[in-house]
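Each reported figure results from applying straightforward, stated rules to the coordinates on display, with no laboratory input. This one's a predicted model, so the numbers in the text were calculated from it and none came from an experiment. Heads up, the Cβs are rebuilt from the backbone with ideal geometry, glycines too, and the neighbour counts pull from every protein chain shown.
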């Protein structure tokens with residue numbers, strides 16, 4: 001099932017014309033909440049596009065939102081139309097029973113819209129990240145990520161760990177630009193940390209570190225201006 005990535009303080013919006021789906025979402029999200037008090041999730045349910053539009057006019061711009069929008073809303077407009085109209089593709093999921101429709105799947109891929117089949121709603125895995133972490137680590141080595149998370153817990157630091165660059169990009173607009181980011185030089189699948197570091201720098205971040213197991217291989221004189229330092233993979237805390 002699709003991995004649902006949420007900030008620890010998130011407002012979740014459910015738009016669906018089927019009351020049964022609202023009950024299912026309510027139960028799924030409540031069951032996915034961790035037992036600690038570090039996660040604060042607010043749910044807002046809407047049955048019609050008009051009700052959603054009225055809410056959206058008053059929505060707080062600074063809040064973290066995640067949208068689960070039904071594809072077939074019972075009218076001329078589809079959930080996909082709504083996601084495009086409000087530019088929600090980076091923070092929304094299109095929920096549909098037509099998950100085997102090849103044309104719909106192709107449109108979602110082309111428009112960068114994530115799709116969730118309705119039969120999988122009850123089985124979705126949820127992961128929560130700090131809204132304002134002390135550090136961010138992007139590395140495809142999950143064992144390393146777990147080691148950083150353990151050290152962060154011991155040191156009372158808030159860490160956001162992402163095992164691929166695209167998961168991080170879902171959150172990039174929400175993180176303070178002063179957050180230190182440690183990014184692996186080799187992210188796998190031909191993704192180079194140095195190249196993505198430039199993208200992150202252009203997004204406004206300045207505390208960008210290339211974390212590598214072989215820092216001595218990097219020529220310091222040729223270090224890109226968008227990288228603050230080359231370092232090893234030891235946690236900086």
Is the range 1-75 rounded, prolate or oblate when judged by the Cα gyration tensor, a ≥ b ≥ c being the square roots of its eigenvalues, rounded requiring a/c under 1.5 and prolate requiring a/b larger than b/c? oblate
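Pairs of alpha-carbon atoms within less than 8 angstrom and 6+ residues apart define the contacts here; what relative contact order does the chain have, in percent?
Details: 377 pairs, mean separation 39.6, N = 237.
So the answer I get is 17 percent.
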Based on DSSP, what percent of beta bridges with both residues in the range 1-140 are antiparallel, to the nearest 5? 5
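In which sequence would 110, 22 go, from the one with the fewest C-beta neighbours within 10 Å to the one with the most? Working shown, then result.
Details: 110 8, 22 17.
Lowest count first: 110, 22.
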Subtracting the Cα-Cα distance from 0.36 nm times the residue separation, let me have the gained length for residue 90 to residue 50 in nm, one decimal. 12.2 nm
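Quick one: grab the alpha carbon gyration tensor of the chain, order the square roots of its eigenvalues as a ≥ b ≥ c, and give me rounded if a/c is under 1.5, else prolate or oblate depending on whether a/b is larger than b/c.
Prolate.
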Does the range 59-148 come out rounded, prolate or oblate by the C-alpha gyration tensor, with a ≥ b ≥ c the root eigenvalues, rounded set by a/c under 1.5 and, if not, prolate when a/b is larger than b/c and oblate if not? prolate
As a test of the formula, what do you get for the chain when each DSSP H run with n ≥ 4 contributes -39,500 (n - 2.57) and the sum is divided by the residue count, at 222 nm and rounded to the nearest 500 deg cm²/dmol? -8500 deg cm²/dmol
Output ordering of 114-122, 12-20 (per-residue mean of other Cβ within 10 Å, highest first) is 12-20, 114-122
What is the packing order of peptides 154-160, 192-198, 78-84, 99-105, taking the mean over residues of other C-beta atoms within 10 Å and listing the highest first? 78-84, 192-198, 154-160, 99-105
Fraction of beta bridges assigned by DSSP in the chain that are antiparallel (%, nearest 5): 5
With axes computed from alpha carbons, what is the tilt in degrees of helix 102-111 against the longest principal axis of the chain, rounded to the nearest 10 within 0 to 90? 50
In the range 1-22, which residues have a backbone nitrogen under 20 Å from the label point lying 7 Å from residue 62's Cα in the Cα-to-Cβ direction? 7-12
